[in-house]
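Below: the structure, in structure tokens.
The values are calculated or read from the model by the stated rules, or taken from the named source; none is laboratory data. Every value quoted in this text rests on a predicted model; they were computed, and no experiment measured them. Every residue, glycine as well, gets a Cβ built from its backbone with ideal geometry; the counts of neighbours run over all protein chains shown. The protein model used for the area step is the full one, side chains on, heavy atoms only, and it has no ligands, DNA or RNA in it. Shrake-Rupley method; radii C 1.70, N 1.55, O 1.52, S 1.80 Å.
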2 protein chains.
Amino acid sequence: MPVRLVQSTASAYSYPLLIKQLLLTPLATVPEREITYQGKVRYTYRTLRERIGRLASALAGIGVQAGQTVAMMDWDSHRYLEAFFAVPMMGAILQTVNVRLSPEQILYTLNHAGADVLVVNSEFFPILAQIAPRLTTVRSIVFITDEPCMPAAPVEACGDYETLLAQASPDYEFPDFDENAQATTFYTTGTTGDPKGVYFSHRQLVLHTLGCAAAFGGASAQGHVHREDVYMPMTPMFHVHAWGFPYLATMMGLKQVYPGRYQPELICRLVTQEKVSFSHCVPTILHMILTHPQAQTADFSGWKILIGGSALPEAMAISAQKRGIDLFTGYGMSETCPVLTIAHLEQADLERPLAEQAVIRAKTGRPLPLVDLRVVDKHMQDVVHDGRASGEVIVRSPWLTQAYLADPVASEQLWAGGYLHTADIGNINPAGYLKVTDRVKDIIKTGGEWTSSLELEDIIAKHEAVHEVAVVGIPDDKWGERPLALVLLKPDHVGQISEHVLRNYAAHAIEAAGVSRYGVLLQVRFVKTLVKTSVGKMNKRLMRADPAALCL
Amino acid sequence: MPVRLVQSTASAYSYPLLIKQLLLTPLATVPEREITYQGKVRYTYRTLRERIGRLASALAGIGVQAGQTVAMMDWDSHRYLEAFFAVPMMGAILQTVNVRLSPEQILYTLNHAGADVLVVNSEFFPILAQIAPRLTTVRSIVFITDEPCMPAAPVEACGDYETLLAQASPDYEFPDFDENAQATTFYTTGTTGDPKGVYFSHRQLVLHTLGCAAAFGGASAQGHVHREDVYMPMTPMFHVHAWGFPYLATMMGLKQVYPGRYQPELICRLVTQEKVSFSHCVPTILHMILTHPQAQTADFSGWKILIGGSALPEAMAISAQKRGIDLFTGYGMSETCPVLTIAHLEQADLERPLAEQAVIRAKTGRPLPLVDLRVVDKHMQDVVHDGRASGEVIVRSPWLTQAYLADPVASEQLWAGGYLHTADIGNINPAGYLKVTDRVKDIIKTGGEWTSSLELEDIIAKHEAVHEVAVVGIPDDKWGERPLALVLLKPDHVGQISEHVLRNYAAHAIEAAGVSRYGVLLQVRFVKTLVKTSVGKMNKRLMRADPAALCL
């Protein structure tokens, strides 16, 4: 009698993808490897696992149950890493609070997410004092401090983190449950309106970790992240789980270094002292570190840094490479967990001059395994992959937020046509590299031509006098829009160059590069500062609204 | 109003894990990279994708629907690779037929699996002639041939593979469906009773591919498989999907080389001509290749070979290393998709002498990410990880067969206590390496002491006169069992050494190594051949039953 096979293989023995499983390999292979906080706290993976158990027991002790939300306000620390695991492993949800938002916005996100418990560093007591009376759902608060003694607090806490852990059992039994259970939530730092909540499940975080491991591991020449690397984040843990890399570093069993805030002196010291070899950050942070006096003598050779969040200026790629840093870009956003692409160079590319390598390193990359990434016109038809034809980047992958929390209108726009719409404009070249050229809303429409503000910035930034630049479109009766470059000069160039001279240089270079036929319409204004978002991205909405307010 | 978050994030936008997604990255990044069959057929990933579409259209044309089974009888080829993708991508099930089984066993597996369509290479027409009248479920047959013209066939076919593809459309629309849909099935080559069917879903094959990519990619020193590698299987594609590596090679976009049968001359030629750098095989195959005259002058340097299926003799690891081959072991079985562990060396290990490295390379490795691997006593309590205490290896991971097809009794034993029981005996050392020492049924029980037959073989195989050796337990009134070594001498040592001399050498070495206190009980017999299974493993059941029949 032949057996007609059933189609679904799901069974009682199916293995849900759960965050706790990321701990299996490091505990089985490198239990003695180190994790350090600023070089001050230092312990092993074995201790990490024990403290994860203690944290879960402590949270259960103050009433945290599966499905409830534990919000965290801290800088990058071993405690944050413990929460990355313990909270979701209990079946609860970790809310990573963007501590760079305004107190009112922080209040909004805590109430909107319905946070039950708040774990907060004493450094944020002033914010806590402002918002505590208006927290509608938080019923327990846990304090953390880096001070020798707990500072005076504005509200009552149910305990401090270290005391609670010391009193709790390490033997928490982490259960199996549905891999689609929500694990984390946080709020995007969009430049318009209230922050919007995104969220990810255990399954999504495990698959993002595996996808990143496959991409980094497959690198043949540069950007190969392997088990002997030493990891240090330089994108905050509150921001898309530091791009998911603490999960990756843990699964791979890397030595891990948590720096707290990104103070250049400390970063330089940790990189050399702890032999950090893999980090990630936005260009602004790297710029801040590389231009710091302490960085001038530090040995950065072999430091792999993935750049994301904003376009990497080619000039920065070259100067970092000259310091021995292996710099390359990735692409993603809060809604995408975040990594979608990485710009790994091929072996042959490494034989090219630095300037040519920089062009590739500054591209936003090629898709990770399983990522279905397209660039489409307004009818959702794919554009030609010739490196010129541009359109919106849309994507499917196993690790995309399924909606904005409690925002059906925005969610429907996000997922129009069954693909997640990034609102980024880009093109794909024949080698498969995505180049993100602009945000949909930042594109400059001049005389019927669309010009990427990022491409204009890249050209202007190459001038030796320019420290930073933001290009925005301003209304123009004749041309619709024309580009305005807001330029922050390097200190030693102030007074040495005129707006007119820089403008003529840039206008010529823009037309010569074929980026726009209308380079001549460029205006250049020197500014005393550029406006950025809470995570260091250019806030073009604000700059566009009142550029005059910034000018010298 | 706070939002109380729902727990499950599954939505209409959830992304099922499907085999078709493994094609996304190579097509987006290396569409022109090559796939070759024996160096005779050569085409690009773009063509692979087109032919996958054509194959699906052709199969649909002969009535194949989702849930039906397409069985394949072929050696390792581009056609097999096409079927690895096209059949499951349609929602149908690919049965990979072990062509080394007896015709009666092949008939049994086709009928037991309920195969609807059979795709068969003309080389197997003699088998087909024997079984065709008794095929109870196959309703269509497709022929393949490597000959210039199709040989005379014993039955009617609905067409030949290349003609059907040429006439079919490449534009098959591969649908999304449940990731738990069954994708493949095949039958284990167990040495007792009828073959047992195992099966894997899309989800499991995708996760196995990601897990392997993470493990290979994380290697810091040796065994790093990356995007510039050239892949060639040396474990048959019918056997656990060539250990899943054609899926891995495709997802990573590697150049791929399919050799048909494993003829040493052809293998040597392909390795040098196509610059093969990553393969995998059982020790027997490597032994066959390395001892072939053509291999003596071939350049094998940089060839990474993962060894599995049987224990790797340390002597073989050393001799391969001397040829520049990067040899290391993995562990798994048909029931586990198969890879569970890989023995990657650490950077520091590579500075040790070859003999010390060989000890690590011959261990069966450390668990892949997400793999929950334990060694337990009969009460399912973990043994100490001291490299000595042994027990049965049990495992959970995202890629284990959920049952034996239509065999509830065996399935229940397989999954006793919620873990898959491998029936292998092993130990784990403090560095986390699993050492598989024996099959549960091959362990030798002497005077109350358990001795691993594999460890005895490893010691005896180090003698210069020994070509191959199998140790089995034979009944003994006084000791319960005593070990019998069946030894195949190297041709030039036949008549140069006596059983008695080798036995004295081995008995002494066994006691000196501390493997057994009862080395003196060893018996040695020279044989004219050793009995192996269809995939080249020692068939100890048969040898134990009648060792005298083998002896010289």
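Here are the numbers for this structure:
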{"item": "Residue list for segment A:390-399, restricted to those being at the interface with chain B (Cβ under 7 Å from one of its Cβ atoms) and buried (at least 24 other Cβ atoms within 10 Å of the Cβ)", "result": "A:SER397, A:PRO398"}
{"item": "Residue identified as within 23 Å of B:GLY332 (Cα to Cα), among the aliphatic types (A, V, I, L, M) and in contact with a Cys (Cβ under 8 Å, 6 or more places away or on another chain) among B:LEU454, B:LEU414, B:LEU434, B:LEU400", "result": "B:LEU400"}
{"item": "Residue list for segment A:14-27, restricted to those being touching a strand residue (DSSP E or B) at 6+ places or on another chain (Cβ under 9 Å) and open to solvent by 40 Å² or more (accessible area, probe 1.4 Å)", "result": "A:LEU24"}
{"item": "Subset of segment B:335-353 that is more than 13 Å from chain A (Cβ to nearest Cβ) and crowded, with 22+ Cβ neighbours inside 10 Å - its residue that is farthest from B:SER201 (Cα to Cα)", "result": "B:VAL339"}
{"item": "All positions within segment A:113-157 that are over 26 Å from the mean Cα position of the chain (by Cα), closer than 17 Å to A:THR96 by Cα and polar (S, T, N, Q)", "result": "A:THR137, A:SER140"}
{"item": "Residue within segment B:514-521 that is open to solvent by less than 60 Å² (accessible area, probe 1.4 Å), modelled with pLDDT of 90 or more and either in contact with a helix residue (DSSP H, G or I) (Cβ under 9 Å, 6 or more places away or on another chain) or not in a loop (DSSP other than H, G, I, E, B) (or both) present", "result": "no"}
{"item": "Extreme residue, farthest from B:ARG203 (Cα to Cα), among residues of segment A:12-48 that are free of Cβ contacts under 8 Å to residues at least 60 places away in the same chain and basic (Lys, Arg)", "result": "A:LYS40"}
{"item": "Test result for A:THR209, under 23 Å from B:MET251 (Cβ atoms), assigned to a helix (DSSP H, G or I) and modelled with pLDDT of 95 or more", "result": "yes"}
{"item": "Any hit, segment B:189-201, residues being in a helix (DSSP H, G or I), more than 8 Å from every other protein chain (Cβ to nearest Cβ) and either touching a strand residue (DSSP E or B) at 6+ places or on another chain (Cβ under 9 Å) or under 26 Å from A:SER14 (Cα atoms) (or both)", "result": "no"}
{"item": "Looking only at segment B:216-271, and only at residues there that are facing another protein chain (nearest Cβ under 9 Å) and open to solvent by 10 Å² or more (accessible area, probe 1.4 Å), the one that is nearest to A:PRO369 (Cα to Cα)", "result": "B:MET252"}
{"item": "Boolean, A:ARG54 is crowded, with 18+ Cβ neighbours inside 10 Å and among the basic types (Lys, Arg)", "result": "yes"}
{"item": "Residue ID - modelled with the lowest pLDDT, chosen from residues in segment B:246-286 that are over 18 Å from B:GLN38 (Cα atoms) and under 16 Å from the mean Cα position of the chain (by Cα)", "result": "B:THR284"}
{"item": "Selection status of A:LEU327, at pLDDT 90 or above and either touching a Cys at 6+ places or on another chain (Cβ under 9 Å) or open to solvent by less than 60 Å² (accessible area, probe 1.4 Å) (or both)", "result": "yes"}
{"item": "Close pairs from segment A:348-365: first polar (S, T, N, Q), partner part of a loop (DSSP other than H, G, I, E, B), Cβ under 6 Å, at least 6 apart", "result": "none"}
{"item": "Output for segment B:400-418, where each listed residue is aromatic (Phe, Trp, Tyr) and facing chain A (nearest Cβ under 9 Å)", "result": "B:TRP415"}
{"item": "Condition broken by B:ALA219, with the remaining ones in (1) under 20 Å from B:THR341 (Cα atoms); (2) touching a helix residue (DSSP H, G or I) at 6+ places or on another chain (Cβ under 7 Å) satisfied", "result": "(2)"}
{"item": "B:LEU101 vs. criteria surrounded by fewer than 21 Cβ atoms within 10 Å (Cβ to Cβ), touching a residue at least 60 places away in the same chain (Cβ under 8 Å) and under 21 Å from B:TYR187 (Cβ atoms)", "result": "yes"}
{"item": "Single residue of segment B:148-178 satisfying the filter (of a type in the set (A, V, I, L, M), open to solvent by less than 50 Å² (accessible area, probe 1.4 Å) and in a loop (DSSP other than H, G, I, E, B)) that is modelled with the highest pLDDT", "result": "B:ALA168"}
{"item": "Where B:THR136 falls short, out of the listed (1) within 14 Å of another protein chain (Cβ to nearest Cβ); (2) open to solvent by less than 20 Å² (accessible area, probe 1.4 Å)", "result": "(2)"}
{"item": "Subset of segment A:474-510 that is part of a helix (DSSP H, G or I) and of a type in the set (Val, Ile, Thr) - its residue that is surrounded by the most Cβ atoms within 10 Å (Cβ to Cβ)", "result": "A:ILE510"}
{"item": "Extreme residue, farthest from A:PRO367 (Cα to Cα), among residues of segment A:433-465 that are touching a Phe, Trp or Tyr at 6+ places or on another chain (Cβ under 7 Å) and surrounded by fewer than 16 Cβ atoms within 10 Å (Cβ to Cβ)", "result": "A:GLY447"}
{"item": "Flag for B:GLU468 being of a type in the set (Asp, Glu) and either at pLDDT below 85 or part of a helix (DSSP H, G or I) (or both)", "result": "no"}
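A quick yes/no check of all residues on (1) among the hydroxyl-bearing types (Ser, Thr, Tyr); (2) part of a strand (DSSP E or B); (3) free of Cβ contacts under 8 Å to residues at least 24 places away in the same chain:
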site: B:HIS379; (1), (2), (3): no, no, yes
site: B:GLU392; (1), (2), (3): no, yes, no
site: B:VAL395; (1), (2), (3): no, yes, no
site: B:TYR404; (1), (2), (3): yes, no, no
site: B:ASP424; (1), (2), (3): no, yes, no
site: B:LYS435; (1), (2), (3): no, yes, no
site: B:TRP450; (1), (2), (3): no, yes, no
site: B:ILE459; (1), (2), (3): no, no, no
site: B:VAL472; (1), (2), (3): no, yes, no
